[in-house]
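The values are calculated or read from the model by the stated rules, or taken from the named source; none is laboratory data. These numbers were taken from a predicted model, which means no experiment stands behind them. Using ideal geometry, Cβ is built from the backbone for each residue, glycine included, and neighbour counts are taken over all protein chains shown. These accessible areas exclude ligands, DNA and RNA; they are computed on the full protein's heavy atoms, side chains included. Shrake-Rupley method; radii C 1.70, N 1.55, O 1.52, S 1.80 Å.
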Amino acid sequence: MSPLVAPVAAQTAEPAVAATPAPVGQTFTLPSPIMEGNREINVLLPDDYENGDRRYPVVYMLDGGQAQDFPTYAALVRDAIRAGDMQPVIVVGVASQDRQNELTERATDRRIIAQWPNHGQSDRFRRFLTDEVKPWVQGRYRTNGDDVVLGESAAALFIVETFLEQPALFDRYLAISPSLWWDREALSKRAASLLAAHPPGERQLLLTIGDEGGQMQAGLDRVIVALRRTPPNGLNWRYEPRHDLTHSTIYRAMAPAFLREALPPVKD
């Protein structure tokens with residue numbers, strides 16, 4: 001078993017407090033009725049944001065706190081944009097506070113229940129993204145409606161779950177080494193039926209995994225089989241296994257690669 005690295009009625013979140021300068025981007029505190037507390041949101045704007053009225057895609061980075069993945073990977077995005085390797089985007093880091101609670105669905109496995117009794121509220125975290133984070137971003141910044149979600153491990157498990165169960169929430173799903181071992185691979189066992197019910201629509205799904213093997217690989221293999229058998233209409237998907245990489249090294253290699261693929265430079 002590979003480790004996890006790393007509602008109420010719909011409401012509009014209260015305004016965030018003023019931005020706080022951060023090593024990379026700006027940090028905001030978003031009061032969240034859904035999550036019942038204040039939440040950290042980090043934003044990095046493109047260099048040219050203030051120079052016109054252009055609208056931009058948004059990359060939602062899970063585990064996106066200043067003490068998590070945001071500083072490293074937002075800086076990598078900024079560097080790729082400056083090098084002309086991808087189009088300018090707004091990067092929004094959504095910090096997690098309790099990853100097992102926020103990024104997993106409720107399990108039936110007694111071992112999981114005993115080890116993480118507070119797990120299994122991914123549906124609530126999805127409502128937080130849907131009803132509070134995304135409306136706040138769209139109301140504050142010039143976005144163009146092309147929304148990307150990026151994450152690894154438990155966050156990638158959440159991304160695959162969201163893609164399968166609520167595919168219209170994002171346009172592009174980038175999942176790196178998803179922890180599909182969770183609850184005896186339960187999500188992957190529902191993949192075929194969930195895909196069969198998908199509404200048509202242009203979406204992108206990019207998947208990869210390192211050398212984890214075991215239930216991690218078995219769960220992802222089952223999802224890949226389902227995608228090959230019943231690909232939803234309009235879905236552009238690709239699976240790139242990277243067994244030369246480990247669970248601790250694959251994110252740094254594949255996050256920039258997937259972002260460049262999903263958001264290539266736009267030719268004038």
Residues satisfying the stated conditions in region 150-164, i.e. acidic (D, E), in a helix (DSSP H, G or I) and within 20 Å of E261 (Cα to Cα): none
Among residues belonging to region 215-237 that are at pLDDT below 95 and under 16 Å from P178 (Cα atoms), point out the one that is surrounded by the fewest Cβ atoms within 10 Å (Cβ to Cβ). Q215
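Quick check, is R140 open to solvent by 10 Å² or more (accessible area, probe 1.4 Å) and touching a Ser or Thr at 6+ places or on another chain (Cβ under 9 Å)?
In short, no.
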Filter region 171-199 down to residues that are assigned to a loop (DSSP other than H, G, I, E, B) and open to solvent by less than 20 Å² (accessible area, probe 1.4 Å) and give me whichever is farthest from R111 (Cα to Cα). S177
Output yes when any residue across region 139-149 is in a strand (DSSP E or B), modelled with pLDDT under 95 and more than 20 Å from Y251 (Cβ to Cβ), and no when none is. no
Give me the pairs, please: first residue somewhere in region 245-268 and over 13 Å from P88 (Cβ atoms), second residue anywhere and in a helix (DSSP H, G or I) and not aliphatic (A, V, I, L, M), beta-carbon distance under 7 Å, and either six or more positions apart or on two chains. A255/Y73
Considering each of L44, L76, L62 in turn, give the residue that is on the phi < 0 side of the Ramachandran plot and touching a Pro at 6+ places or on another chain (Cβ under 8 Å). L76
Those residues of region 80-109 which are outside any loop (DSSP other than H, G, I, E, B) and either farther than 17 Å from A22 by Cβ or of a type in the set (K, R) (or both), in sequence order: A80, I81, R82, R99, Q100, N101, E102, L103, E105
What are the residues in region 50-108 that are of a type in the set (S, T, Y) and either modelled with pLDDT under 95 or open to solvent by 10 Å² or more (accessible area, probe 1.4 Å) (or both), if any? T72, Y73, S96, T104, T108
Test A168 against the criterion of being over 13 Å from the mean Cα position of the chain (by Cα) and either within 30 Å of L245 (Cβ to Cβ) or open to solvent by less than 10 Å² (accessible area, probe 1.4 Å) (or both), and give yes or no. no
When you scan region 122-129, do you find a residue that is at pLDDT below 95 and surrounded by 20 or more Cβ atoms within 10 Å (Cβ to Cβ), even just one? yes
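For the subset of region 110-138 comprising residues that are in a helix (DSSP H, G or I) and among the polar types (S, T, N, Q), which member is nearest to V58 (Cα to Cα)?
Q138
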Looking at E202, E212, E240, which one is within 15 Å of Y173 (Cβ to Cβ), open to solvent by 30 Å² or more (accessible area, probe 1.4 Å) and in contact with a Ser or Thr (Cβ under 6 Å, 6 or more places away or on another chain)? E240
